[in-house]
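Below you'll find the structure, written out as structure tokens, and then a few comments.
What follows is calculated from the coordinates using simple rules that are stated; it is not laboratory data. Worth saying up front: this structure is predicted, and the values here are computed from it rather than measured. Neighbour counts run over all protein chains shown; Cβ positions are idealised from the backbone, glycine included.
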Amino acid sequence: MAKPIVYIDHVEITYNLGQENEFKANKGTTLEVFDQEYIILFGPSGCGKSTLLYSIFGVLPPSAGKMYVNGESIYDYAPMDMVFFQRKTMGIMYQQFNLIPSITVLDNVALPLIFDGIGPREREIRAMELCKRFSVDKVVQKLPTHLSGGQQQRVSAARSLVNDPQILIADEPVGNLDSVTAAAVMATLDEINQRDKKTIFLVTHDAKLLPRAHRVVYMNDGRVLRVVPNPEKDQIIKLEAGSTIVTEIEQVARIYPYDSPKELQAKSLINFLTEELSFDQISKLQKLTEQVIEGRIDYPQYMQILMRSEHEGGIGIPVARAGIMVDRLKLIIEHAHDVERYRRATAKEGGETYIRNTEYVNRIAEFLSTQCALTLGEKEKIFFEDIIKQRIGGFTRKEDFLEQIQLKSDDGGVGLHAKQAFDVTRLIEKLIALGIQRTANH
Ligand code: ADP
Ligand code: MG
């Protein structure tokens, strides 16, 4: 079997070792990575991804264990060998691009070659070639700050390759980019892996990027939870028979990326016990529903795709159920608009609520009452609208709302039972989640 290009052997990494504020950011990581693999280190913020990445890069020595690259224990290198290693073997891309602001794009890309004693003419040719390849050749004479974020990151991709390293490490390289620009930069990484045949370590906390890797290393709290081969990509190494088995848990993990293996197992079971949709269906449903929320498909199209069988690209939901889903979705989206309109109107009027705005609240109250089968007297109706206003105006919390609607009307409440109150709260929170997100996007 092939030898690993990187072998992380029981590595612990401790900050402020021996001091009062000592902190162990990696608690014993073992991992083998093979030449030309695309590896994603994935996990919530603070779990130790960057720490591990910079240790592989050669700038953060483990406090225990060994880090091998090409079979050599890199932290046993003499200082000059370490410099040589970092220059010849490793390329790096950062979230903040880290380009030098006072020199041109071309010089930024060519810079690493200076340390190799390569002459100016040759440097320029090699840098220009890479700039062409990443479509930044038109801006080579500009300063980095005059470029868009996406362009700057493509310049930094060019720079990372100029020394022709074996391994490219990238720390949240698209974390600061909008989704369209991010997709373009991610495509250059795919190319660097497939065409240039570089091994890639990418750090991210964005689950959307996971399908790009050969294997995903799930991390949490300084530990590797599991290493999962991506069934959608041809693997670089022949994994031992049986080790590539992909269970439903991986699918569930795509939907709930930060759950622990135990929580994922429980989700998978609950799903079975309640005879809900399969996780494949939920994944598809999520994508489809995003399209409706963004207004890219309309309700009839949504209904069609819900009902169409799975092998025809649909979700395979029986017609009666699909109908109910579309109805509910429509109602929620419409009333979320009311939340949005109300907030916009009151913000404009400096918190004053005019008659026109109470119409939005009327409709929301009406909707909640019908959906949750409430029968309210005149007095309760007035209090109900008042409590709704407070919540969608952002003056009270979800817990306050839940409590207030359970108060007797003599105390300014609506007098709901616990179960009704729970249902109403859950529904209004859906409206708010949808309504506020829309406001924030604009
Ligand atoms: P991630 O990249 O997964 O977000 P990091 O590797 O940056 O996480 O950090 C892991 C943990 O180590 C965090 O709790 C962080 O606060 C801590 N940490 C990172 N750098 C230092 C440092 N230089 N000194 C002390 N603690 C650090
Ligand atoms: Mg990080």
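Quick notes on this one:
- Most simply put, the chain has about 55% antiparallel DSSP beta bridges, counting only bridges with both residues inside it.
- For segment 308-328, the residues whose amide N sits under 16 Å from a probe point set 7 Å from the Cα of Asp298 along the beta carbon direction are 327.
- Between segment 275-339 and segment 53-116, the alpha-carbon center distance in angstrom: 48 Å
- Derived scalar couplings ³J(HN,Hα) [segment 5-22; Karplus, 6.51 cos²θ - 1.76 cosθ + 1.60; whole Hz; x for Gly, Pro]: 7, 10, 10, 9, 10, 6, 7, 10, 10, 10, 8, 6, 3, x, 9, 4, 9, 3
- Count Lys and Arg as plus one, Asp and Glu as minus one, and take only other residues whose Cβ is under 14 Å from that of Pro144; the net charge is then +2.
- Using a simple spin-label model with pseudo-atoms 7 Å out from Cα toward Cβ, Ser102 and Glu429 lie 5.4 nm apart.
- Applying the Karplus relation 6.51 cos²θ - 1.76 cosθ + 1.60 with θ = phi - 60° to segment 133-146 yields 3J(HN,Hα) values of 4, 9, 6, 10, 5, 6, 10, 4, 8, 7, 7, x, 5, 8 Hz, where x marks Gly and Pro.
- Residues with amide H under 5 Å from that of Leu225, placed H, sequence gap 5 or more: Tyr218, Met219, Asn220
- Among 17-24, 148-155, 173-180, the peptide with the highest mean count of other Cβ atoms within 10 Å heads the list, and the full ranking is 148-155, 173-180, 17-24.
- Length-normalised contact order of segment 332-441 in % [C-alpha pairs under 8 Å, at least 6 apart]: 33 percent
- Segment 115-129 - phi-based ³J(HN,Hα) in whole Hz, Karplus 6.51/-1.76/1.60, Gly and Pro as x: 5, 8, x, 8, x, x, 4, 4, 4, 5, 4, 5, 5, 5, 4
- Efficiency of FRET between Glu263 and Asp386 - r from beta-carbon atoms, R0 35 angstrom, step 0.05: 0.35
- The stretch between Arg308 and Glu366, if pulled fully straight at 0.36 nm per residue, gains 17.5 nm over its current Cα-Cα span.
- A crude spin-label estimate for the pair Ser179 and Arg397, with each label 7 Å from Cα along the Cβ direction, gives 3.1 nm.
- Two-site FRET efficiency, Lys88 against Thr289, from Cβ-Cβ distance with R₀ of 45 Å, rounded to 0.05: 0.40
- Two-site FRET efficiency, His10 against Thr145, from Cβ-Cβ distance with R₀ of 35 Å, rounded to 0.05: 0.20
- Taking other residues whose beta carbon is less than 13 angstrom from the beta carbon of Asp35, and scoring Lys, Arg as +1 and Asp, Glu as -1, yields 0.
- Zone of Gln235's modelled label, taken as backbone nitrogen in segment 199-214 under 17 Å from a point 7 Å along Cα→Cβ: 211-214
- Label-point separation, Glu275 to Val227 (7 Å along Cα→Cβ), nm: 4.2 nm
- Full-stretch length increase - Glu378, Glu72 - with 0.36 nm per residue and alpha-carbon distance subtracted: 102.2 nm
- For His146, His335, order by how many other beta-carbon atoms lie within 10 Å, fewest first: His146, His335
- Computed over neighbours whose Cβ is under 14 Å from that of Val326, the net charge equals +1, Lys and Arg +1, Asp and Glu -1.
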